[in-house]
Amino acid sequence: MGKCRSLWRCFPLTKLTKAFRRSPLFKKTLIIAGICVVYLIFVTSHFGSSSHNKTTARDDDQRGHSRGLYHAGNSEVLPVAVVAPTRPNVVYITLKAKRLKPANIRGTIRPKLRRKAKTHKFGTFTHDLVDSLERDANQTNALHTSWSDIMKVDYKHVDIPGIYDTKTDYISSSIRIYSQKPPPWFTSTDVHAMRFLADAKVVRVRKVTHGAVPSVLIFEGEMSGSPVSPKHAERDGGSACVGRCGIIRSPVDAIEVFAFHLDRVLGLNRTLPAVSRKFTFLHDNAPCPVVQWAPSPPSSVHITWAQYQRSLKHKCWLKNISPKSDSDCCSIHHHEWSRLALFDFLLQIHRRLDPLCCGFKPRLHDECGDSGCSRLEDMKLEHLTHTEEDPRHLLFTHNRGFFDRNEDNLDFRLLQGITELPAGTVGVLRNGRLRERLLQSLFIDQTFWESQGGRQGIDKLIGVLEKRSQVLLTYINAHGITLTPMNT
């Protein structure tokens, strides 16, 4: 049965074979030629379609390389960077990051070619540098030693050539104010003082004692077309400062410049103008903070911690009411302590209200008293000064702050006893424009801006200040601090 089935299946093939054998030679040749033609047509069509597919793929690759890559569902062409493939038919693509547009800082409208400035290690007060000061104590000690040596030199009769061009009497100012008006927190007096400190021709340098302040190094300068007035010379007694002068600080006190701009931005107006300036005869031309010389010697406020706390409770001189004799009140107005506490907390300046470092964990380079924190009531507050013309208002001097303290090591002792804070200053912290205003303000001082590493370094400093302001705002809400307009 199975044999019959196999014969039946092979029957057509057998029949065709017999018919082919029996056909004449002409028909045999025609059949073989037809079969060959069909085979050639099949092979040619298959080869053509294969080569066409390869050409189309190559064209697509070239078109992709030249035109870029299209995003799905979007007709925009993204910029691509094609890397050479490591194996056939594989393409690695890396998208280029878009460059962020810089913030529009007031006063930078005029185009200007900028070059990278070399940052000096002395004047940089970014977060990373302050950490390095802690690790490299020898370098800090050497810096203080060199400053002490400079203070020992007698500058009484030394004439220092200025940076003016004697032929044209022209100087390129480091104070950059390109618009017609400076930022609104600066007065015309502030701008004039900054230009003098930054651009005045240095006539002589000397070491003097100014009131309660220890010996300081000052420079006497003059501006073109601004002769020394006889009244000014008579007021200075002809010995300390014949013309207009500026106090030269150590490069490690560069934060004095930042403190001045912060004081003006917050609307406190209790610091003297300060700029950063280079002197060829000091610290290898490293930037030094220069503070305006006060017309009259500042007077110290002698008060202990216990007296300070009692004066806060009595609200001395509030509403121009004379305090009682047993109230431990000094000549300072009650609102001045609120301004000082807020300012010192943001910059973490402990030398005024916490000279013994009792409110935080001090580091090796912190300057703390030796008596310890066992008798806080008798602790004398330091660096509290006022001018003779205005005994009710404090004058913020020695504003050397610190940016390397974390949020868990802030000195909250600076806020102890404070129940009121200036509403206008706190409003600046709350409106979210502190960074914008500080950038506009600090950009004016080109020497300080470049010494801190430009925009990147300044952003780090402002970032630390923003975090502290948020901590302060939380403290205000938690302790029910009253916000009061303080216009006095």
Which of T387, T280, T425 has the fewest Cβ neighbours within 10 Å, and the rest in rising order: T280, T387, T425
Hey, what do the phi angles of segment 420-429 turn into as Karplus ³J(HN,Hα) couplings, whole Hz, using 6.51/-1.76/1.60 and θ = phi - 60°, x for Gly and Pro? 9, 9, x, 5, x, 5, 5, x, 5, 6
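Got a sec? How would R400, R176 order by Cβ neighbour count within 10 Å, fewest to most?
Values: R400 19, R176 14.
Least to most surrounded, the residues fall as R176, R400.
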Vicinal HN-Hα couplings computed from phi for segment 285-292 (Karplus, 6.51 cos²θ - 1.76 cosθ + 1.60; Hz; Gly/Pro x): 6, 6, x, 10, x, 10, 10, 5
Give me a comma-separated list of calculated 3J(HN,Hα) values for segment 335-346, in order, Karplus coefficients 6.51, -1.76, 1.60 applied at θ = phi - 60°, integers in Hz, x for any Gly or Pro. 5, 5, 5, 5, 4, 5, 4, 5, 5, 5, 5, 5
Please arrange M194, M223, M486 by how many other C-beta atoms lie within 10 Å of their C-beta, fewest to most. M223, M486, M194
Sorted by chain and number, the residues with a modelled amide H under 5 Å from that of T484, at a separation of 5 or more or across chains, are L421, A423
Among 271-278, 33-40, 416-423, how do they line up from the highest to the lowest mean number of other beta-carbon atoms within 10 Å? 271-278, 416-423, 33-40
Using a simple spin-label model with points 7 Å from Cα along the Cα→Cβ vector, what separation in nm is obtained for T419 and S188? 4.3 nm
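Ordered by packing density, taken as the mean number of other Cβ atoms within 10 Å over each peptide's residues, highest first, how do 296-302, 361-367 rank? Don't jump to the answer; show the numbers that get you there.
Details: 296-302: 15.7, 361-367: 12.3.
Packing order, densest peptide first, comes out as 296-302, 361-367.
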Across segment 250-373, what fraction of all alpha-carbon pairs, as a whole percent, falls in each successive 10 Å bin from zero upward? 11, 30, 36, 18, 4, 1
How would you order 404-411, 478-485 from highest to lowest mean count of nearby Cβ atoms within 10 Å? 404-411, 478-485
Efficiency by 1/(1 + (r/R0)^6): what FRET value for R363 and Y475, r their Cβ-Cβ distance, R0 = 22 Å, to the nearest 0.05? 0.45
Report, by chain and number, residues whose modeled amide H sits under 5 Å from the one on V203, excluding near sequence neighbours (fewer than 5 apart, same chain). E220, G221, E222
Modelling each spin label as a point 7 Å along the Cα-to-Cβ direction, I'd like the H314/N431 distance in nm, to one decimal. 3.7 nm
Just to be sure I understand the curve: with the Debye formula and one point per C-alpha of segment 375-422, what is log10 I(q)/I(0) at q = 0.18, 0.19, 0.20 Å⁻¹? -0.94, -1.02, -1.10
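Bear in mind these aren't lab numbers, they're just calculated from the coordinates by the rules spelled out. This structure is a prediction, so every number in the text was calculated from the model and none was measured. Here Cβ is always computed from backbone atoms with ideal geometry, including for glycine, and neighbour counts include all displayed protein chains.
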